[in-house]
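Worksheet: one structure, shown below.
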Amino acid sequence: MNILESKEASTNRDANFDKWWDTYGEWFESGDQLVSGESGIQRLHAADGRLLYSKRQVNHLSRSALHPFGRPTILDELQALEALKHLGVRVPDVVFSDARKVNGEWQALLVTEALEGFNSLEDWYLKGTPQSGDEALNQQMLRQLANTVGLMHVGGWEHGRLSPKTIFVKVRMQGDEAVPEIALLGLAKARHHMSTHQASSHDFDYFKAHHQPMPESDWVQFAHAYRGVLESDYIR
């Protein structure tokens, strides 16, 4: 890449960032003023009809041995989204994400598509759906949940906040058969580990402590299926 191309790429990058930074919608999660910076999520309605979510951050940083002075946490979340998608885990599609430093302050954006047709596992149990009352389908959903979480952990990724609030369910028709799909959201605390055990340990304990309103009997069935996934040679 020559200097001219580099300047052009930089200009296009700034223009794209400006476009999304200057696009406002209604607050989905109102901006929080924290010691670590500001972070909030807005709901956007794209011209093509898509529902989008825009996470906006100012000086919201994480620090590590690789980044002792900190870097925007959105970049960590983007890395997790891309890695899980590569593993075959359903996560929101990224429309735009980038970070830049302006007048000494970090600005960061993560714009994703809404997961159309998905509802949280919390709503699956609390509000109920026609499908959630089908015991056979509920059992299938628990097996698929075990497969999805197992796939993430075998790939070395810890979710960080795994619970019915961050697990989403969709039921689609495959011919005459109803098939549940699982998607994961809320990956701001996701981390990569060198082993399945390290990735699994915190998530399993956190989910166990926060699995309500999932009934205890369903939690036991999930845990049994999940352990079976980790002990198997492959994940279907």
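The values are calculated or read from the model by the stated rules, or taken from the named source; none is laboratory data. On a predicted model such as this, the values are computed, not experimentally measured, just so you know. In this analysis, Cβ positions are derived from the backbone assuming ideal geometry, glycine residues included, and neighbour counts consider all displayed protein chains. These area figures cover heavy atoms from the full protein model, side chains too; ligands, DNA and RNA do not enter into them. Shrake-Rupley method; radii C 1.70, N 1.55, O 1.52, S 1.80 Å.
Quick rundown of the values:
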quantity: Condition broken by His211, with the remaining ones in (1) of a type outside the set (Phe, Trp, Tyr); (2) at pLDDT 95 or above; (3) outside any helix (DSSP H, G or I); (4) surrounded by fewer than 17 Cβ atoms within 10 Å (Cβ to Cβ) satisfied; calculated: (4)
quantity: Qualifying positions in region 150-168 - open to solvent by less than 10 Å² (accessible area, probe 1.4 Å) and farther than 19 Å from Tyr125 by Cα; calculated: Gly150, Met152, His153, Gly156, His159, Gly160
quantity: Selected residue [part of a helix (DSSP H, G or I), in contact with a strand residue (DSSP E or B) (Cβ under 6 Å, 6 or more places away or on another chain) and not β-branched (Val, Ile, Thr)] from Asp203, Asp218; calculated: Asp203
quantity: Residue match in region 34-53 (condition: modelled with pLDDT of 90 or more, polar (S, T, N, Q), open to solvent by 50 Å² or more (accessible area, probe 1.4 Å) and not in a loop (DSSP other than H, G, I, E, B)); calculated: no
quantity: Output for region 169-193, where each listed residue is outside any strand (DSSP E or B) and either under 23 Å from Leu121 (Cβ atoms) or under 20 Å from the mean Cα position of the chain (by Cα) (or both); calculated: Leu185, Gly186, Leu187, Ala188, Lys189, Ala190, His193
quantity: So Trp27, is it closer than 15 Å to Lys101 by Cα and either surrounded by 15 or more Cβ atoms within 10 Å (Cβ to Cβ) or at pLDDT 70 or above (or both); calculated: no
